[in-house]
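*Asks:* Here's a structure for you.
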Amino acid sequence: MAACGGDLQGTAYAASKAGVDMLTKDIALQYGKNDIRCNCVRPGLIVTPQNEPRIPEMLKKIYLDNICVTRWGRPEDIGNLCVYLGSDESYYMTGQILTVDGGLNTHSPTVAQFRNMNSRTW
């Protein structure tokens, strides 16, 4: 997700992720005629039993307030997509950046505040 927008930290990390996006497109173009496909999975917050205790409560709240669905991402959300991408069922898909973030990047950054405001005033 770091390639999607600016952040207060992690500039080099974000630049490298944006580079992966373009690398995906270039590989798809260069090798597609050889029936080699290349797609990129861009995961949002994926919670596992190992990382969940280390995620600050404030960060959990921010994510849950801003995603469009009712739970965090799980490893199987990414795994199921990767199985599809590795199958012949996805033959016609190449050069795509697939964001799996519960809808975090589908809206303006103020949506959580507006949801809260609307629930109190309407």
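*Asks:* Most exposed first by the Cβ proxy, i.e. fewest other Cβ within 10 Å, how do T70, T94 rank?
*Replies:* With the fewest neighbours first, T70, T94 line up as T70, T94.
*Asks:* Taking the inverse of the average 1/r across all pairs of different Cα atoms in the chain, what Kirkwood radius in Å do you get?
*Replies:* 16.5 Å
*Asks:* Related question: Given the rule -39500 (n - 2.57) for each run of at least 4 DSSP H residues, summed and divided by the residues of the chain, what is its mean residue ellipticity at 222 nm, to the nearest 500 deg cm²/dmol?
*Replies:* -14000 deg cm²/dmol
*Asks:* Here's another thing I want to ask about it. Quick check: the angle from helix 111-121's long axis to the longest principal axis of the chain, C-alpha only, nearest 10 degrees?
*Replies:* Around 30 degrees separate the two axes.
*Asks:* Between the helical axis of 75-85 and the dominant principal axis of the chain, each derived from Cα atoms, what acute angle in degrees is found, rounded to the nearest 10?
*Replies:* 30 degrees
*Asks:* Take each of the peptides 43-56, 98-111, average the number of other beta-carbon atoms within 10 Å over its residues, and list them starting from the highest.
*Replies:* For the peptides 43-56, 98-111, the packing ranking is 98-111, 43-56.
*Asks:* May I pose another question? Counting other Cβ atoms within 10 Å, which trypsin sites (Lys or Arg not before Pro) in region 60-91 have at most 14 and lie in a DSSP loop?
*Replies:* R71
*Asks:* For a quick check: with amide H placed at 1.01 Å from N, whose amide H comes under 5 Å from L98's, ignoring anything fewer than 5 positions away on the same chain?
*Replies:* C40, V41, R42
Throughout, read-outs are computed from the coordinates displayed, never taken from laboratory work. Owing to the predicted nature of the structure, the values given are computational and were not obtained by experimental measurement. Using ideal geometry, Cβ is built from the backbone for each residue, glycine included, and neighbour counts are taken over all protein chains shown.
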